[in-house]
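Notes follow once the structure below has been shown.
The values are calculated or read from the model by the stated rules, or taken from the named source; none is laboratory data. If you're wondering where the values come from, they're calculated on a predicted model, not measured in any experiment. Reconstructed Cβ throughout: ideal geometry from the backbone, glycine too, with neighbour counts over all protein chains shown.
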């Protein structure tokens, strides 16, 4: 049996090696075709990563841009958050069929503070997460938002939708930041936790401007929440290179068929 241990390094994903790179213009792609590899190599900044999550929507995009500007340099809430998540991972062990990006995204949210971690500890078992065992009596609105967001990501339900993300009254700034970080983990896996810089090697604002001028028709990645009448998020909105002639299929979110 051969175990692949190759990991991308910054020199492997230099933009000058890409076919989309033009010497006098720089990168000419609307969406980086090597984004996942660059995240693994640690050359993607937080601003670029979050810009790749959603197509252009005025209210939501403005909130995401403000979030990127205030990036504290780490994806963790604090050092205790990191220790709680790593400890629970050790207790659960490794299971290939369970350890999906969505599982780690939910784990990230549910260990973000001690109160929520205690309330949801019984939800975890070796096969995954069963949210029926969460203790909800007396839970704070902040923790309840994170609990429902974790359930949406892991179970592909619609407790939290794209419209909710644009409303600070529904999802306050602190919960919004944790949820966006969880979406990055669901999109890129645990490699997303390597992001420590606000800006990486590649500028994202020009692509966002081009995308806006194109009428929002060139999203590079869709939401990880399901849309009405469609299948799972990874089936419907998996990252792919699209042309600006293809309109964005995401308008509202609901329960999958």
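Structure values in brief
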| quantity | calculated |
| --- | --- |
| Top-ranked residue in segment 110-132 [being touching a strand residue (DSSP E or B) at 6+ places or on another chain (Cβ under 9 Å) and outside any loop (DSSP other than H, G, I, E, B); ranked as nearest to residue 178 (Cα to Cα)] | 110 |
| Any hit, segment 155-171, residues being assigned to a helix (DSSP H, G or I), touching a strand residue (DSSP E or B) at 6+ places or on another chain (Cβ under 6 Å), at pLDDT 90 or above and over 20 Å from residue 64 (Cα atoms) | no |
| Segment 71-103, residues that are in a loop (DSSP other than H, G, I, E, B) and more than 22 Å from residue 127 (Cα to Cα) | 71, 72, 73, 74, 75, 76, 77, 78 |
| Single match in 18, 27 (criterion: surrounded by 13 or more Cβ atoms within 10 Å (Cβ to Cβ), over 27 Å from residue 162 (Cα atoms) and in contact (Cβ under 8 Å) with a residue 40 or more places away in the chain) | 27 |
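Conditions (1) within 22 Å of residue 189 (Cα to Cα); (2) more than 19 Å from the chain's Cα centre (by Cα), marked per residue:
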residue	(1), (2)
78	yes, no
87	yes, yes
96	yes, yes
102	yes, no
122	no, yes
127	yes, yes
130	yes, yes
141	no, yes
150	yes, no
